[in-house]
Amino acid sequence: MNNLATRSLTAVFFVIAMVGSALLGQTVFSFLLFLITILSLNEFITLVSTDKIQPAVLPTLAVGGIAYGIFAANAMGIMKASGFLALIPFLFLLFFIELWRNKANPFLNIGTSLLAIFYIALPFGLMMYFFDPAIHSGTEHYGIVLGFLLILWLNDTGAYFVGSLIGKHKLFERISPGKTWEGSAGGAVFAFLTAWGLSFIFRQLDAAQWLILAAITITTGSLGDLVESMLKRSLGIKDSGNILPGHGGLLDRFDAVLLSVPFVFVYLALFCR
């Protein structure tokens with residue numbers, strides 16, 4: 001099977017899993033995101049671990065999973081906001097664990113663990129708030145989640161095809177030589193058209209709000225993609241992993257999600273509720 005066919009097949013299964021779980025409801029989607037969170041944390045730790053940096057794998061996965069779980073439980077109305085207090089001692093346990101590990105650079109290890117949790121578990125946890133917990137079914141419940149994902153995917157797809165066809169001017173050659181301004185503009189057009197169309201389907205946001213959400217998603221998602229490219233370039237690797245045939249690792253697939261979710265979350269919380 002050639003690379004394009006492999007990429008396409010993987011993309012189809014990926015979209016089915018994400019969209020299908022969202023349609024099945026917040027609980028099902030939360031379990032999928034929990035699995036993705038743990039696998040992504042492990043992928044990140046594996047990538048950055050060297051002779052000098054050796055974060056505690058299992059404690060990082062455990063604390064990251066707990067952090068995600070607390071955010072998800074609060075988003076689903078299962079846990080009150082006071083539950084966030086429980087996260088504080090778990091985060092500081094990472095400091096104590098290093099006392100017994102006897103590694104050369106304990107604070108680099110702690111910092112790497114905290115970075116992984118902040119970079120991965122926090123955004124996935126915040127994404128759970130895109131659902132409306134007061135409504136258990138219908139487009140009012142999952143509309144923003146699906147809309148956000150569609151905008152990201154169409155932006156990425158549009159940028160790839162337009163950039164491949166007419167891309168000439170490099171967007172950020174030092175970090176990602178393949179990306180062009182033409183591709184980014186093409187992706188933005190696809191994304192804005194998608195947002196406009198979504199306003200007729202998912203009416204919890206009006207057309208202007210969807211277009212603003214798209215602008216935030218396009219900008220921060222594209223920068224998130226570049227940040228992950230910066231990480232890989234600093235490590236001298238092409239892909240973050242090989243769990244997704246033809247696409248690389250989970251961080252390759254969710255790079256735009258991770259750094260766009262916090263901005264979209266704040267926008268929705270402050271201006272769309």
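The condition (being in contact (Cβ under 8 Å) with a residue 60 or more places away in the chain, surrounded by fewer than 16 Cβ atoms within 10 Å (Cβ to Cβ) and over 26 Å from Ile53 (Cα atoms)) is satisfied by just one residue among Phe200, Phe271: Phe271. Remark: Ala67 falls outside the filter, which requires a residue to be in contact with a Pro (Cβ under 7 Å, 6 or more places away or on another chain) and under 19 Å from Val261 (Cα atoms). Cβ-Cβ contacts under 6 Å between residues 6 or more apart (or on different chains), taken from a first residue in region 148-166 that is in contact (Cβ under 8 Å) with a residue 12 or more places away in the chain and outside the structural domain of Thr194 (by TED's automatic domain parsing) to a second residue that is among the charged types (D, E, K, R) and surrounded by 21 or more Cβ atoms within 10 Å (Cβ to Cβ), are absent. Inside region 82-97, can you point out the residues that are within 16 Å of Tyr68 (Cβ to Cβ) and either loosely packed, with under 10 Cβ neighbours inside 10 Å or among the charged types (D, E, K, R) (or both)? Listed by number, the list holds a single entry, Ile88.
Kindly establish whether Ile66 is of a type in the set (Val, Ile, Thr) and more than 21 Å from the chain's Cα centre (by Cα). Please lay out each step first, then the result.
Numbers: of a type in the set (Val, Ile, Thr): yes; more than 21 Å from the chain's Cα centre (by Cα): no.
No: the conditions fail for Ile66.
Taking the criterion of being within 20 Å of Ala256 (Cβ to Cβ) and of a type in the set (A, V, I, L, M), the residues of region 182-204 that qualify are Ala185, Ala188, Val189, Ala191, Leu193, Ala195, Leu198. Taking every residue in region 48-75 that is assigned by TED's automatic domain parsing to the domain that holds Gly125 and pairing it with any residue that is among the polar types (S, T, N, Q) and in a loop (DSSP other than H, G, I, E, B), at least 6 positions away or on another chain, the pairs with Cβ-Cβ distances below 6 Å are Lys52/Asn105.
Filtered by the rule that a residue be charged (D, E, K, R) and either outside any loop (DSSP other than H, G, I, E, B) or under 13 Å from Phe148 (Cβ atoms) (or both), region 191-239 gives Asp225, Glu228, Lys232, Arg233.
Specify which of the listed residues (Gly178, Gly221, Gly158, Gly147) is crowded, with 20+ Cβ neighbours inside 10 Å and more than 17 Å from the chain's Cα centre (by Cα). Before the answer, list the steps.
On the way: Gly178 fails: crowded, with 20+ Cβ neighbours inside 10 Å; Gly221 fails: more than 17 Å from the chain's Cα centre (by Cα); Gly147 fails: more than 17 Å from the chain's Cα centre (by Cα).
From the options Gly178, Gly221, Gly158, Gly147, the qualifying one is Gly158.
Would you confirm whether any residue within region 224-240 is surrounded by fewer than 23 Cβ atoms within 10 Å (Cβ to Cβ), on the phi > 0 side of the Ramachandran plot, in the same structural domain as Leu146 (by TED's automatic domain parsing) and at pLDDT below 90? Checked region 224-240: at least one residue is surrounded by fewer than 23 Cβ atoms within 10 Å (Cβ to Cβ), on the phi > 0 side of the Ramachandran plot, in the same structural domain as Leu146 (by TED's automatic domain parsing) and at pLDDT below 90.
Residues in region 165-181 that are over 22 Å from Lys232 (Cα atoms) and part of a helix (DSSP H, G or I): Leu165, Ile166.
Quick check on Thr180: is it in contact (Cβ under 8 Å) with a residue 12 or more places away in the chain, farther than 18 Å from Leu211 by Cα, out of contact with any Leu (no Cβ under 6 Å at 6 or more places or on another chain) and not acidic (Asp, Glu)? No: the conditions fail for Thr180.
Which count do you get for residues in region 161-175 that are among the charged types (D, E, K, R) and surrounded by 13 or more Cβ atoms within 10 Å (Cβ to Cβ)?
Going residue by residue through region 161-175, those that are among the charged types (D, E, K, R) are 168, 170, 173-174.
This time we only want the ones that are surrounded by 13 or more Cβ atoms within 10 Å (Cβ to Cβ), so: 170.
Final tally of qualifying residues: 1.
The values are calculated or read from the model by the stated rules, or taken from the named source; none is laboratory data. All values derive from a computational prediction rather than experimental measurement. Methodologically, a virtual Cβ is constructed for each residue, glycine included, from the backbone with ideal geometry; neighbour enumeration extends over all protein chains shown.
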